[in-house]
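Notes for the one structure printed next.
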Amino acid sequence: MRQLLTVLRYGLFLSLFSSASSMADQVIILRHALAPGVGDPEGFDLAECQTQRVLSSEGREQAIEIGQKLRESGITEAEVFSSEWCRCLETAELLGFGPPQKLTALNSFFHASNRHLKQQFLQDWKAHITKVKTVNTKIYITHQVNISGLL
């Protein structure tokens, strides 16, 4: 069984499900660090961070601290996958495990009215978790709505 660590709103919440047989069996799912507000402004652009809700200085500190806590727990290397939202990418970078890989399946569907789109994102994410093989722990940085949908 995979080990699952989940960071939920404004703090670290660790949920461990049995022990992983190796670092490659570990999956860590994180909500982006503190970015005050809800959703994104109307007309935001994924390519323009200033149009999105972004990390606060406290959020940046949280992301750095989470990375430190993960290293203290024995995770020294990881493959990091992130939503394309700037607050997720910045969280991923500040963890300190190297540049994240963008994964569309982690993008927020908070404003999506298309139920099929939501289900497709979740299905693609689940497939990635189970099928993509890495030699290190996999860390996924996404949004609360996506984590809730997965669990």
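No value in this document is a laboratory result; all are computed from the given coordinates. Computed from a predicted structure; not experimentally measured. Cβ sites come from the backbone with ideal geometry, for glycine too, and all protein chains shown count toward neighbours.
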(request) Write out the trypsin sites (Lys or Arg not before Pro) in the stretch 59-151 meeting two conditions: DSSP loop, and at most 10 other Cβ atoms within 10 Å of their Cβ. (result) Lys133
(message) From the C-alpha coordinates alone, can you work out the Kirkwood hydrodynamic radius of the stretch 60-121, in Å?
(response) 12.7 Å
(message) Please rank Ser73, Ser56, Ser108, Ser83, fewest neighbouring Cβ atoms within 10 Å first, as an exposure proxy.
(response) Ser73, Ser56, Ser108, Ser83
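Counting other C-beta atoms within 10 Å, and keeping those with at most 15, which DSSP coil chymotrypsin sites (Phe, Trp or Tyr not before Pro) do you find in the stretch 63-151?
Numbers: sites: Phe81, Trp85, Phe97, Phe109, Phe110, Phe121, Trp125, Tyr140; in loops: Trp85, Phe97, Phe109, Phe110.
In loop regions of the stretch 63-151 (DSSP not H, G, I, E or B), the sparsely surrounded chymotrypsin sites (Phe, Trp or Tyr not before Pro) are Phe110.
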(request) Using the number of other C-beta atoms within 10 angstrom as an exposure proxy, rank Thr142, Thr104, Thr134, Thr91 with the fewest first. (result) Thr104, Thr134, Thr142, Thr91
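Can you work out the FRET efficiency for the pair Ala47 and Gln101, with r the C-beta to C-beta distance and R0 = 22 Å, to the nearest 0.05?
Details: r = 17 Å, r/R0 = 0.79.
With R0 = 22 Å, the Cβ-Cβ based efficiency is 0.80.
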